[in-house]
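The values are calculated or read from the model by the stated rules, or taken from the named source; none is laboratory data. What you see is a predicted model; the values in this text were computed from it and never measured. When we count neighbours, we look across all protein chains shown, and the Cβ atoms used for this are built from the backbone with ideal geometry, even at glycine.
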């Protein structure tokens, strides 16, 4: 199985407000940057969208190391929250509906196509790829 590294980030000016997302995909010696935005969204939606769009770029099943500074995204898989949500009919442990359910369902289905390991990175720190994703996301906000 081919190995791919993906870095993602989402940003919002106001929450909700105009938002953007960015992702960098790295495969062997190739690097591809993608980004997008939405005039009215939330930070969590942009974080999820960055991951989804990054994974959607893959043309065949891959072993993916996915780096994100979003505890929301990483912990849903690494702490196995998403499996509890699905078991409880997309309700949180407090019985509230899971926010952004459609995005979580889309992301979950992409994790079934690929072998994804989610890795938390410190945001706005010294990780050049996370910083570049943040820059891509913020550039998208300025377009809205």
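Would you confirm whether any residue within the range 39-49 is surrounded by 17 or more Cβ atoms within 10 Å (Cβ to Cβ) and assigned to a strand (DSSP E or B)? Yes; the residues of the range 39-49 include at least one that is surrounded by 17 or more Cβ atoms within 10 Å (Cβ to Cβ) and assigned to a strand (DSSP E or B). Of all the numbered requirements in (1) within 15 Å of the chain's Cα centre (by Cα); (2) at pLDDT below 95; (3) more than 20 Å from residue 22 (Cβ to Cβ), residue 123 misses one, and that requirement is (3).
Do we have residue 104 as over 15 Å from residue 20 (Cα atoms), surrounded by 14 or more Cβ atoms within 10 Å (Cβ to Cβ) and either touching a strand residue (DSSP E or B) at 6+ places or on another chain (Cβ under 8 Å) or at pLDDT below 95 (or both) here? Before the answer, list the steps.
Working: over 15 Å from residue 20 (Cα atoms): yes; surrounded by 14 or more Cβ atoms within 10 Å (Cβ to Cβ): yes; either touching a strand residue (DSSP E or B) at 6+ places or on another chain (Cβ under 8 Å) or at pLDDT below 95 (or both): no.
No: the conditions fail for residue 104.
Give the residues of the range 1-24 that are over 12 Å from the mean Cα position of the chain (by Cα) and either closer than 17 Å to residue 123 by Cα or in a strand (DSSP E or B) (or both), sorted by residue number. Full working, then the answer.
Of all residues in the range 1-24, those over 12 Å from the mean Cα position of the chain (by Cα) come to 1-5, 12-19.
Residues satisfying the conditions are 2, 3, 4, 5, 12, 13, 17, 18, 19.
In the set (1) surrounded by fewer than 15 Cβ atoms within 10 Å (Cβ to Cβ); (2) touching a residue at least 24 places away in the same chain (Cβ under 8 Å); (3) within 28 Å of residue 31 (Cβ to Cβ); (4) out of contact with any strand residue (DSSP E or B) (no Cβ under 8 Å at 6 or more places or on another chain), residue 120 fails one condition alone, (4).
A single entry from 91, 31 fulfils the requirement of being within 16 Å of residue 132 (Cα to Cα) and free of Cβ contacts under 8 Å to residues at least 24 places away in the same chain: 31.
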